[in-house]
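Just so you know, all these numbers are worked out from the coordinates, no wet-lab data involved. Keep in mind that this is a model prediction, so the values were computed, not measured. Cβ atoms come from the backbone with ideal geometry, glycine included; neighbour counts cover every protein chain shown.
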Amino acid sequence: MSASTVYQLSNNNGLLIEFISYGAKLTAVKIPEGDKSIDILLGYDTPEQAINGDVYMGAICGRYANRISGGGFNLEGEFIKLNQNDGANHLHGGHKGFNVKDWKVEKTELQGYSSAYKLSVLSNDGDENYPGNLNATIIYALNDANEFLIDITATTDKTTVVNLTSHPYFNLKGAGNGDVLNHILEISAKQFTPLSTDMVPSGEMRSVKNTAMDFTKPVVIKDRIDSDYEQIQLVGGLDHNWIVNKQQGELALAAKVTEPKSGRSVEVYTTQPGIQVYTAMHFNGSDIGKGQVPFKKYCGIALEAQNFPDAPNHSNFPSSILKPQEKYQEKIQYKFTY
C-alpha cells in the first residue's frame, strides 16, 4: 500500500469516511443525500494533492499539537529546545510532525462499530528534539449512530510531553460551497485561554461571560467574527482554546456546529480538556481544493480537541507530561446528524 492509498470506513446508513496513511489524514466525510452524497470535509480531489497540499488539513498533529511559546520548555530540570516553525513558536510538532509521517494502517475490529482501522507510528528519541521513543496508536472507527471515533494511545521510554489531535476542517454546506459564516456554533465551555500577541495563551483562564467568546448558547459565527472584542481582533476570527465543561477523563460534548439551511450538524465529544476552534483565516485563495475551488478565508471550521496550547510552560494548565510505564489515552468523537 502506498501513502496515497485511500482507506474507507462505512456504516449501514451510507456514511463514508476516507483517509490516507500519510499524516493519518482524513480526506472525506461523505453524507448521503438522496441518490448522491455531500462531502462536508475540506480537502483535495486526489490523495496526491492531499499529500502536497495544506500540511495540517485532516491530519493527526503531534507530538505536541498547537503552539509552544518560544519553541521550548523545562522538563525534569532540563530545557528542551524544539524546532521553531511558527515565528518563534513551535507549532503542531515542528517541521516534520506526525502530520507528515506515513502511518502503518491495519484493518481491525471494534465492538459496536461497523468498520475500524488501527494506525500506528514510531517517533524516535530526538525527533524534532523531543525526548523518548514515542509509540502512538490510533483507532479510526465508525458506527451506525454516525459516530466517528478517534481513539488515541501513546507510550514512551523517556519522560516527554504529548498532545495529539485531529485537524479536520468542516463546511456543512459541502466542501467548496462558500464560507461557514452562516454556521451556528455552540461550545460547552465557561472559560477560554486568552492569547498574548505572540498567539500563545498568556496563562490566564478567563470567563466567557459577557464576552464575544461566550458560545454556551448557539451563536451564528458571523455575528462574532465581526466583533470588536480584542481577542477576536487579534487573530481576525476564532483561533482559541476553550476549556471544556467536564470531569477529567470523561467523554463529554465539547462543541456543536450546525448549518441551518441543510440541518446538518457535527458534534465533538472528547476526553481532552480543551477544544481549539479555528475559522480558517490563513486561506487566501492560493491553494486549490475539491472541485477546483480555491480555499478562501472562513471556508471551513476546524474543531480540534486537545490539551491546552503551551501547557508545558504553564503549571496551572493540565499536565502534558508522559512518563515511562504510563499510557497517554484520549478519545475524540465526531457525531454527524443529517
Taking the Cα centre of segment 1-99 as the origin and placing charges on Cβ (Lys, Arg +1; Asp, Glu -1), which of Leu16, Ser69, Ala59 is farthest toward the positive end of the dipole? Ser69
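Taking 35 Å as R0, compute the FRET efficiency from the Cβ-Cβ separation of Glu48 and Lys209 and round it to 0.05.
On the way: r = 48 Å, r/R0 = 1.36.
It comes out at approximately 0.15.
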How far is it, in nm, from the label point at Ser114 to the one at Leu251 when both lie 7 Å from their Cα along the line to the Cβ? 1.8
I need two numbers for segment 123-213: Rg to one decimal and Dmax as a whole number, Cα atoms only, in Å. 18.5, 47
Along the Cα-to-Cβ line of Asp198, 7 Å from the Cα, sits a label point; which residues in segment 135-169 have backbone N less than 20 Å from it? 161-163
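Order of Ile321, Ile17, Ile68 from fewest to most other C-beta atoms within 10 Å?
Working: Ile321 16, Ile17 23, Ile68 28.
Exposure proxy ranking, most exposed first: Ile321, Ile17, Ile68.
For segment 166-257, which trypsin sites (Lys or Arg not before Pro) pass both filters: DSSP loop (anything but H, G, I, E, B) and at most 13 other C-beta atoms within 10 Å? Each step should come with its number before you reach the end.
On the way: sites: Lys173, Lys190, Arg206, Lys209, Lys222, Arg224, Lys246, Lys256; in loops: Lys173, Lys209, Lys246.
Sites meeting the loop and neighbour criteria: Lys209.
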Where a Cα-Cα gap under 21 Å defines reach, which lysines qualify for Lys323, not counting those fewer than 8 residues away within the same chain? Lys81, Lys158, Lys331
Report the extension gain between Glu230 and Gln325 in nm, rounded to one decimal, defined as 0.36 nm multiplied by the number of residues separating them, less their alpha carbon distance. 29.9 nm
Placing +1 on each Lys and Arg Cβ and -1 on each Asp and Glu Cβ in the chain, then taking the dipole about the Cα centre, the residue among Ser166, Ser319, Pro32 whose Cα reaches farthest towards the positive end is Pro32
Contour excess over end-to-end distance, with Cα ends at Asn124 and Asp223 and 0.36 nm allotted per residue: 31.1 nm
Would you report the distance distribution of C-alpha pairs in the chain as whole percents per 20 angstrom bin, up to the bin with the largest distance? 33, 61, 6, 0
Looking at segment 219-310, which GluC sites (Glu not before Pro) are DSSP coil and have at most 14 other C-beta atoms within 10 Å of their C-beta? Glu250
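Around Lys25, under 13 Å between beta carbons, what's the net of Lys plus Arg minus Asp minus Glu among the other residues? Kindly include the intermediate steps, with their values, before the conclusion.
On the way: positive: Lys101; negative: Glu18, Glu48, Asp54, Asp102.
Spelling it out: positives minus negatives among the neighbours equals -3.
Report the charge-dipole magnitude of the chain in Debye, nearest 20, computed about the Cα centre from +1 at each Lys and Arg Cβ and -1 at each Asp and Glu Cβ. Could the numbers behind the result be given before it?
On the way: 30 positive and 38 negative charges, 71 e Å.
In debye, rounded to 20, the chain gives about 340.
Across segment 54-108, how large is the tail of the calculated P(r) beyond 16 Å, expressed as a percent of all Cα pairs? Show your work: numbers first, answer last.
Details: 690 of 1485 pairs.
Beyond 16 Å sits 46 percent of the P(r) for segment 54-108.
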Across 5 Å bins beginning at 0, the whole-percent shares of Cα-Cα pair distances in segment 55-164 come to 2, 12, 20, 21, 16, 12, 8, 5, 3, 0
